[in-house]
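Worksheet: one structure, shown below.
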Amino acid sequence: MTDKKSRMRKQFRQMLAEQDGPILIPGAYDPVSALLIAEIGFPAVYFGSYAASATLLGQPDVGIVTMPEIVGMTKAIADVVDIPVLADAEDGWSNAANIWRVVRAFEDAGAVAIHIEDHILGKHTGTLGQDEYARVTPRIASRETLVGKIRAAVAARTDPGFVIIGRTDLGWAGGTADEILDRLNACFAAGADLVFPAGIDLEMLREIRPKLQGPVMITEHRGQTRSDEQALGVDISIHTSLALTAAFTAVKAALIELRDGTGTLSWAEYLSRYMEFEQFLPYAAYEQRVARYVR
């Protein structure tokens with residue numbers, strides 16, 4: 001019998017090979033949000049450092065979340081959903097010689113793919129707003145450093161179905177289209193399965209996409225539509241923070257209503273929501289295990 005990890009990786013690669021438009025992948029921030037993403041019908045789920053930094057540390061995405069923290073939540077998510085899980089491996093947390101440990105950790109956690117980036121300082125926390133929040137000059141690793149990490153990651157995987165994504169953040173640092181294109185195609189030459197140009201606008205993507213030597217993944221931007229992505233030849237579109245910000249907004253509103261006594265939710269409505277959540281969690285599976293095994 002094929003184990004779940006291999007099955008998910010085959011499923012993701014098949015999805016990528018057969019897609020006739022952008023694969024839309026929302027980001028989860030915990031196992032419950034991942035379960036919702038799966039239940040709503042999305043084909044895969046993403047977990048990144050933005051969500052990890054916010055939910056695990058209460059901090060912005062500025063490079064302080066550790067490998068065990070992201071790997072641990074990736075495993076928790078992969079354990080409960082039956083759809084592929086893509087994860088953020090930051091810059092690998094070390095040099096190319098030690099990337100093997102990162103790859104093995106995410107493989108063991110059940111991820112189908114990781115992206116490895118060249119951004120080493122000055123993380124942007126405002127993807128949708130470009131540089132409105134983190135006004136720290138980005139420091140980007142050399143082309144050779146990124147390529148070395150991609151080569152090492154490809155060599156380190158024990159499952160050939162595990163997908164390696166090369167990410168460049170040169171767009172955040174004012175890199176030109178030619179520089180970004182060169183770095184992305186160097187990732188392909190090093191064995192990357194996909195590339196991820198972060199921090200570029202749709203106009204730059206339009207310029208470089210025809211010259212890219214393989215599939216491309218992007219993240220959400222202001223003004224971006226599904227038809228834009230289709231026309232530009234986007235293969236994967238990840239929406240990293242939609243679920244997290246929706247939860248933040250909803251919880252904040254509910255707490256303000258509780259504090260101010262302005263809530264209009266009746267007890268019956270509250271109970272209905274509570275029961276919906278209870279039924280969403282796998283109590284039935286627990287009951288079946290009790291009936292079968294507990295004596």
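Order these peptides, 277-285, 17-25, by their mean beta-carbon neighbour count within 10 angstrom, highest first. Walk me through the numbers on the way to the answer.
Details: 277-285: 10.2, 17-25: 14.4.
Top of the packing list down: 17-25, 277-285.
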### Query
Relative to the first principal axis of the alpha-carbon coordinates of the chain, what is the inclination of helix 4-18, with its axis defined by its Cα atoms, in degrees from 0 to 90 and to the nearest 10?
60
### Task
Rank-order 142-154, 29-41 by packing density, defined as the average count of other C-beta atoms within 10 Å over each peptide's residues, highest first.
142-154, 29-41
### Task
List the aspartates and glutamates whose Cα lies under 17 Å from the Cα of residue 149, skipping any in the same chain that are fewer than 8 positions away.
88, 90, 91, 107, 117, 118, 169, 182, 193
### Message
Straight-line reach from residue 75: which lysines fall under 16 Å, measuring Cα to Cα and dropping same-chain residues less than 8 apart?
### Response
4, 5
### Query
Using Cα-only point scatterers and the Debye equation, what is log10 of I(q)/I(0) for the stretch 45-113 at each q in 0.15, 0.29 Å⁻¹, rounded to two decimals?
-0.43, -1.33
### Message
Taking R0 as 25 Å, what FRET efficiency do you get between residue 14 and residue 189 from their Cβ-Cβ distance, rounded to the nearest 0.05?
### Response
0.55
### Summary
If one builds a Gaussian network model of the chain from Cα atoms under 10 Å apart, the most fluctuating residue listed among 254, 246, 87 is 254
### Task
Would you mind calculating the gained length between residue 206 and residue 182 on full extension (0.36 nm times residue separation, minus the Cα-Cα distance), in nm to one decimal?
7.1 nm
### Summary
A correct Kirkwood calculation over the Cα atoms of the chain returns a hydrodynamic radius in Å of 20.2
### Summary
Relative contact order in percent for the chain (Cα pairs under 8 Å, 6+ apart) equals 18
### Query
Using 1/(1 + (r/R0)^6) with R0 = 45 angstrom and r between the beta carbons of residue 256 and residue 158, what's the FRET efficiency to the nearest 0.05?
0.35
### Query
How long are the semi-axes of the ellipsoid equivalent to the stretch 135-254, from square roots of 5 times the Cα gyration tensor eigenvalues, in whole Å, largest first?
26, 18, 16
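What's the whole-number percent of alpha carbon pairs in the stretch 192-253 lying beyond 18 angstrom?
Of the Cα pairs, 39 percent sit more than 18 Å apart.
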#### Entry: Stretchable slack from residue 139 to residue 24, in nm (0.36 nm times residue separation minus alpha-carbon distance)
38.4 nm
### Query
Pick from 103, 112, 251: which is most flexible by mean-square fluctuation in a GNM of the chain where alpha carbon atoms under 10 Å apart are linked?
251
## Note on the structure
Filtering trypsin sites (Lys or Arg not before Pro) in the stretch 190-293 by DSSP loop and by at most 10 other Cβ atoms within 10 Å leaves 222
### Query
How far is it, in nm, from the label point at residue 269 to the one at residue 80 when both lie 7 Å from their Cα along the line to the Cβ?
2.6
## Note on the structure
Length gained if residue 247 through residue 95 is fully extended, taking 0.36 nm per residue and subtracting the Cα-Cα distance, is 51.1 nm
#### Entry: DSSP-defined antiparallel bridges as percent of all bridges, the stretch 1-240, nearest 5
10
### Task
Take the alpha carbon atoms of the stretch 1-65, find their center, do the same for the stretch 144-201, and report the distance between the two centers in whole angstrom.
19
### Task
Return one number: the angle in degrees, 0 to 90 and rounded to the nearest 10, between the long axis of the Cα atoms of helix 99-109 and the longest principal axis of the Cα atoms of the chain.
30
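Here, each number is a calculation from the coordinates, and none is a lab measurement. Given the structure is predicted, the values throughout are model-derived calculations rather than measurements. So basically every Cβ, Gly included, is an ideal-geometry build from the backbone, and we count neighbours across all protein chains shown.
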